[in-house]
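Have a look at the structure below before the remarks.
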Amino acid sequence: MEDRQALELDRPAWSEAETRMLDTAADLIAARGVGGVTVAEVARDAGVSRPTVYRRWASADEIVRAALHRQTVSLIERFPEPARTRDEIVRDVLRYSELFRTDPLYGRLLEREPEVFTRYTLQRIGSSQRVILQWLASAIALAQQGGTVRAGAPSDLAVMLLLIAQSAILSHNTVSTLIDEPHWSSELWHALDGHLRP
């Protein structure tokens with residue numbers, strides 16, 4: 001329970017107006033890409049003034065990051081119960097990878113703007129990655145107690161687990177002609193399981 005409460009700390013509560021603005025930004029990203037997000041358009045489509053947007057976010061870039069963060073949180077919320085074993089962690093990471101790749105927002109970036117995806121998710125550790133790392137580290141700590149995950153700092157193991165999954169997701173479209181979906185998932189399973197196995 002304590003681990004779940006700690007994870008909740010990095011899940012912001014968005015106001016109704018902020019939710020409308022982030023919904024608008026997400027729609028713009030999915031339809032036109034990151035370059036389609038402007039403060040003026042977010043304000044107009046969300047039914048708020050530009051000063052209202054600027055009071056919350058200083059630029060379109062910050063709005064994009066907030067929209068991506070919220071989407072990450074929404075995906076993690078599809079896993080209400082923490083994994084407690086290595087098998088459950090690997091299962092959840094594989095499911096998260098699938099949800100991520102098919103998500104309207106992230107899927108759009110992966111398919112049409114991989115360089116943007118790289119900029120927003122790989123070049124620096126942002127709020128989205130930190131939420132994922134907390135989620136993974138919490139599960140790893142529980143699985144270590146049960147003896148199904150090797151010893152080591154849960155946060156360190158979580159970082160490498162995230163890197164393995166992110167690299168596989170980012171490369172998925174590139175290697176799709178070399179490996180089919182079932183074998184891609186199987187190989188990713190082995191990579192994740194091998195990283196955690198005692």
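Summary of values
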read-out: Trypsin sites (Lys or Arg not before Pro) lying in DSSP loop within segment 67-110, provided at most 10 other Cβ fall within 10 Å; value: Arg78
read-out: Normalised per residue, the volume of the convex hull around the Cα set of segment 15-56 (Å³); value: 55
read-out: Net charge contributed by nearby residues that have their C-beta within less than 15 Å of Asp180 (K/R +1, D/E -1); value: -2
read-out: Which of Ala66, Leu105, Ile76, positive extreme of dipole for the chain (C-beta unit charges); value: Ala66
read-out: Degrees between helix 127-145 axis and first principal axis of the chain (Cα, 0 to 90, nearest 10); value: 20
read-out: Degrees between helix 16-32 axis and first principal axis of the chain (Cα, 0 to 90, nearest 10); value: 80
read-out: Distance histogram in 10 Å bins (all Cα pairs of segment 66-198, percent per bin); value: 12, 45, 34, 8, 0
read-out: Derived scalar couplings ³J(HN,Hα) [segment 36-52; Karplus, 6.51 cos²θ - 1.76 cosθ + 1.60; whole Hz; x for Gly, Pro]; value: x, 9, 10, 4, 4, 6, 4, 4, 5, 6, 8, x, 10, 7, 4, x, 5
read-out: Residue-level accessible surface for His190, protein heavy atoms, 1.4 Å, Å²; value: 110
read-out: Separation of the Phe79 and Val159 label points, Cα + 7 Å toward Cβ, nm; value: 1.9
read-out: Inter-label distance for Arg150 and Arg91, nm, one decimal - labels placed 7 Å from Cα along Cα-to-Cβ; value: 2.3
read-out: Angle between the chain longest axis and helix 154-175 axis [Cα atoms, degrees, rounded to 10]; value: 70
read-out: When the convex hull of its Cα atoms is projected in every direction, mean area for segment 1-110 (nm²); value: 7.5
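The values are calculated or read from the model by the stated rules, or taken from the named source; none is laboratory data. In this text the structure is predicted, and so the values were computed from the model without any measurement. So basically every Cβ, Gly included, is an ideal-geometry build from the backbone, and we count neighbours across all protein chains shown. Surface areas here come from the heavy atoms of the whole protein model, side chains and all, with no ligands, DNA or RNA. Shrake-Rupley method; radii C 1.70, N 1.55, O 1.52, S 1.80 Å.
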